[in-house]
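I have placed the structure first, in the form of C-alpha cells, so that the comments after it can refer back to it.
The values are calculated or read from the model by the stated rules, or taken from the named source; none is laboratory data. Since this is a predicted model, take the numbers as computed values, not measurements. Using ideal geometry, Cβ is built from the backbone for each residue, glycine included, and neighbour counts are taken over all protein chains shown.
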Amino acid sequence: MSKIILSEKPGPIGIFDSGYGGLTILKHIQGTMPEYDFMYLGDNARTPYGTRSFQVVYEFTLQCVTKLFEMGCHLVILACNTASAKALRTIQQIDLPRLDATRRVLGIIRPTVESIGELTVSRHVGLLATPGTVKSLSYPLEINKLFPDITVTGESCPIWVPLVESGESQSDGADYFVKQHIDNLLAKDSEIDTIILGCTHYPLLLDKIRKYVPEGIKIVSQGEYVASSLKNYLERHPEMDARCTKGAATSYYTTESLDTFLPNASIFLNSAIDADSITL
Ligand code: DGL
C-alpha cells in the first residue's frame, strides 16, 4: 500500500471495532471524557473477526484504521480485543511509520491487564474471549509480564459475538450458550476468582453472564479501564491531545447497511443515533 495524504487538521478520536462491541467501550470513554469528539467505525459487514486468521484480521483492521485516518482521526483506539491481539503490533511497528509516524493506534488489552493484579486474590484468572484472542495467548503473556504469579485459563466462545450481532443477546436461546462456556471455564480451573470479559461484545450479555457466574467471582468488563487509561494517555501526551478536537460530538460509521446498523446500535447505546454507511 502506498503512502496516503492525510490532513494535519485536528480531528476526532477514532474508535474501531469489528461490529457493535466497541460501542460498549465508546460509552465509557464518552462518560469519562465528554468534551472530546469521537468517530466510531464498526466493520459490521465483515464481523465476526474472532474466528478469522491472523492475516485476515490484520488486513481488515489496517483498512479500517486507514479509513479513520483519512476521515481526520490522529488517534485510533482498537476497541476490539481480537484486533488488539492480532493486528495492533504490526500496525504500530510496520504501518504507522509508513502511513504517518505522528499518528497513534492503541489497543485495549494492556489497560485491562494492568487492572488484574489488584482484583484477583486466588491468583487464578479466567478469560472469556473469541477463539482468535484466546489462541493468540495475548492475555496470559501480557498478564504474566506484569504478574508472573497469576495463572490464566482461557475459554473461547465462538458463538457469543454472532448472538450479539444478530440481536439475540437477550433471548432465552442465548442462555444455553452463555452457561455452557462459563461452566467449561470453571471446570478447567475451580480456583478462578476473577473472570475477564475479553471481548467488547460481551458486556451486552452481562445480565446472562451474571446469572451463571457463581457469586464471589468478579467479572471484569473493560470499558472503565480503557477509558481511564485513554484519559491518562492524553494527559501524558499533550501533543496528541492538541490534535484531538473537543466539541462533544460523535459520528458513527458502519460498513453494513443502515437498516441493520441503526436499530441495533440504538439499543446498545440506549438512544437513537444517526450513522453513515461507508465502503472501505
Ligand atoms: N468485539 C471484538 C473483540 O473484542 C470482536 C469480535 C469479533 O468480531 O469476533 O474481540
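The table for this structure:
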{"item": "Only one of E235, E224 that is surrounded by 15 or more Cβ atoms within 10 Å (Cβ to Cβ) and either modelled with pLDDT under 95 or away from the ligand (no atom under 15 Å from the Cβ) (or both)", "result": "E224"}
{"item": "Residue count, the stretch 107-134 (criterion: closer than 21 Å to Q92 by Cα and away from the ligand (no atom under 11 Å from the Cβ))", "result": "4"}
{"item": "Check on L62, at pLDDT 95 or above, part of a helix (DSSP H, G or I) and over 26 Å from A101 (Cβ atoms)", "result": "no"}
{"item": "Scan of the stretch 18-50 for residues that are more than 13 Å from the ligand (Cβ to nearest atom), part of a loop (DSSP other than H, G, I, E, B) and over 25 Å from L6 (Cβ atoms), ordered by number", "result": "P34"}
{"item": "Which listed residue, of L68, L75, L6, L96, is at pLDDT below 95 and away from the ligand (no atom under 15 Å from the Cβ)", "result": "L6"}
{"item": "Residue ID - surrounded by the fewest Cβ atoms within 10 Å (Cβ to Cβ), chosen from residues in the stretch 9-28 that are touching a Ser or Thr at 6+ places or on another chain (Cβ under 9 Å) and among the charged types (D, E, K, R)", "result": "K9"}
{"item": "Criterion: under 12 Å from the mean Cα position of the chain (by Cα) and farther than 16 Å from H201 by Cβ - qualifying residue of V65, V56, V76", "result": "V76"}
{"item": "Selection from the stretch 215-247 of residues that are free of Cβ contacts under 8 Å to residues at least 60 places away in the same chain and of a type in the set (K, R)", "result": "R236"}
{"item": "Check on T151, modelled with pLDDT of 95 or more, surrounded by 19 or more Cβ atoms within 10 Å (Cβ to Cβ) and touching a strand residue (DSSP E or B) at 6+ places or on another chain (Cβ under 6 Å)", "result": "no"}
{"item": "Pair list, Cβ < 9 Å and 6+ apart or interchain, from the stretch 154-170 residues that are closer than 14 Å to G21 by Cα and free of Cβ contacts under 8 Å to residues at least 60 places away in the same chain to residues that are in a loop (DSSP other than H, G, I, E, B) and more than 10 Å from the ligand (Cβ to nearest atom)", "result": "W160/S169; L163/S169; L163/S171"}
{"item": "Which listed residue, of S53, S84, is among the small types (G, A, S), within 16 Å of the ligand (Cβ to nearest atom) and crowded, with 22+ Cβ neighbours inside 10 Å", "result": "S84"}
